[in-house]
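The values are calculated or read from the model by the stated rules, or taken from the named source; none is laboratory data. The structure displayed is predicted, hence computed values, not measured ones. Here Cβ is always computed from backbone atoms with ideal geometry, including for glycine, and neighbour counts include all displayed protein chains.
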């Protein structure tokens, strides 16, 4: 059954409708072209002699039909001459079977050859196409193989390399020919690595980032990570290893360089730090003297000065105290960047209370109304940094309020949607900021209104830097003239 | 103990600061007996009773040491280190009063046995308050 359908498939090269048309055409052509010939010879066109033509055209197409017709005519003509009767009459009536059989066989063979040709042609076309695709694909992979920056190789369990790409040649310093000659064991600084490699790949079928120290031709060691898979033969025995090598020597060198540079930077920073502390110490030593004598002059000898002298002394003292604050703020600011952050569960309410206590003098001087609204949710932060943040925010809220206004400060907080962060707000009724001033407000040593309000301009930058170091964010909503609400968002307490 | 009986050894190299601290001490507690030495080495001599401090009637042993940190010859940390090595001085309270505002200095001084650490304020009245607090906390309770 299968064989028959295969045979049919081999015959049916062209669609059925085309065969029918060809057969009809062959019939018409045969009858039209050869009827006069037969008539000349004194016989009509035999229906029998048409059949082979139609059948062959049906089976093998136009060429088959035409050839049958062309062959039948001379044969018939010859038979007419020889025996005085045309083809089929001879076949049927007078024993001319061999000639007619020959006609059929020739027609069949020609038809078969034609089909075979068509099929072969198709086959060769497909084959050529497949070969081209294969070659193209191989070219592509070859390019990948050759241009890879990581060495790629194929080796055999007996220690011979079958393939090695350019990167491998560059890594090891051997030429390709030399590589294909040598025993790979000689590439290992420790030959037992090769055994371990083989054992592992035998067990798992692959190795990933297997660390080895490879020897280059001039005896240098390259720290490498080898990843490879085993290709197995028909009996499941390993016939090849396909591997890539990642040379990490440079990574390591880079890492060491980065470490060295970091160390140098850290040294430079700590040198700068101790320098800034010793400078600040010396600055303060002189400031303490100047302000000490100044304050003595003020408290004990002021009456010896006239009004102008008193004014001058006041200015000197004010400038001295500003400078002292500036030195301290400068140190605080640089300290925030380097402080070791130790996050812990904190009650911000407690820290706010401490800040309010620390600002007691300022609060009383201004008659300020400072209150916490509700409970502040616990959060995750470093105690020292958060305390400094809250004190700065509160101090700011008190400071930037016009002289004639009573400062009103409200502190509130809530856990943000999602539960992962806590937002704390400090609202004041101070001078506020317009949108353009906001970025400047957080910049170190920027003072928006130096004449109206005292300060060094470091407070908000300390806040911002501290909050950033705590993994949070800070911002402000403000209406100029009406007040500001500074907010910080910090990680909430996770887990129970 | 009456304040006149309290002897304070002030270790301070800056004469201006010595002047202020004495003044502040006078303001805070008028009868304090403040003895001054200008560096750590002399502080050690004083505590040891070495020359020229052999005479304890003239140079009584202090109830409290107020110590600056940055000084010539032997600095405040050197003094703290030396005191820590003297078993007989384990009860002597030492308080650091310095121009430094470096938290690392504070941590180091406290770890070396200082009882407290104060940055010098730029105001005599504040200084007086600090000295009074120091004497109150570290002398009265210890006597």
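Data overview
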quantity	calculated
Where residue A:378 falls short, out of the listed (1) modelled with pLDDT of 90 or more; (2) within 53 Å of the chain's Cα centre (by Cα); (3) closer than 22 Å to residue B:124 by Cα	(3)
Positions within the stretch A:447-472 being at pLDDT below 65 and either surrounded by 13 or more Cβ atoms within 10 Å (Cβ to Cβ) or touching a strand residue (DSSP E or B) at 6+ places or on another chain (Cβ under 9 Å) (or both), in sequence order	A:447, A:448, A:453, A:455, A:456
Test: residue in the stretch A:66-74 that is farther than 30 Å from residue A:16 by Cβ, part of a helix (DSSP H, G or I) and modelled with pLDDT of 70 or more	yes
Any hit, the stretch A:2-15, residues being part of a helix (DSSP H, G or I) and at pLDDT 70 or above	no
Residue match in the stretch B:21-35 (condition: more than 14 Å from every other protein chain (Cβ to nearest Cβ), assigned to a helix (DSSP H, G or I) and modelled with pLDDT of 90 or more)	no
Qualifying position, being farther than 30 Å from residue A:487 by Cβ and surrounded by fewer than 18 Cβ atoms within 10 Å (Cβ to Cβ), among A:309, A:374, A:349, A:294	A:309
Residue within the stretch A:164-180 that is surrounded by 16 or more Cβ atoms within 10 Å (Cβ to Cβ), more than 26 Å from residue A:141 (Cα to Cα), in contact with a strand residue (DSSP E or B) (Cβ under 8 Å, 6 or more places away or on another chain) and in contact (Cβ under 8 Å) with a residue 24 or more places away in the chain present	no
Number of positions in the stretch B:109-143 that are without any contact (Cβ under 8 Å) to a residue 60 or more places away in the chain, away from chain A (no Cβ under 12 Å) and over 16 Å from residue B:66 (Cα atoms)	2
Candidates A:270, A:299, A:276, A:249 - the one that is modelled with pLDDT under 90, within 14 Å of another protein chain (Cβ to nearest Cβ) and surrounded by 13 or more Cβ atoms within 10 Å (Cβ to Cβ)	A:276
Looking only at the stretch A:180-215, and only at residues there that are more than 33 Å from the chain's Cα centre (by Cα) and outside any helix (DSSP H, G or I), the one that is nearest to residue A:170 (Cα to Cα)	A:215
Residue in the stretch A:386-397 that is more than 19 Å from residue A:422 (Cα to Cα), outside any loop (DSSP other than H, G, I, E, B) and touching a helix residue (DSSP H, G or I) at 6+ places or on another chain (Cβ under 6 Å) present	yes
Lone qualifier among A:383, A:338 - being surrounded by fewer than 19 Cβ atoms within 10 Å (Cβ to Cβ), in contact with a strand residue (DSSP E or B) (Cβ under 8 Å, 6 or more places away or on another chain), over 20 Å from residue B:119 (Cα atoms) and within 14 Å of another protein chain (Cβ to nearest Cβ)	A:383
Of all residues making up the stretch B:57-108, the number that are in a helix (DSSP H, G or I) and away from chain A (no Cβ under 14 Å)	10
Unique match (being closer than 18 Å to residue A:162 by Cα, more than 14 Å from chain B (Cβ to nearest Cβ) and exposed (fewer than 15 other Cβ atoms within 10 Å of the Cβ)) among A:205, A:243, A:219, A:233	A:233
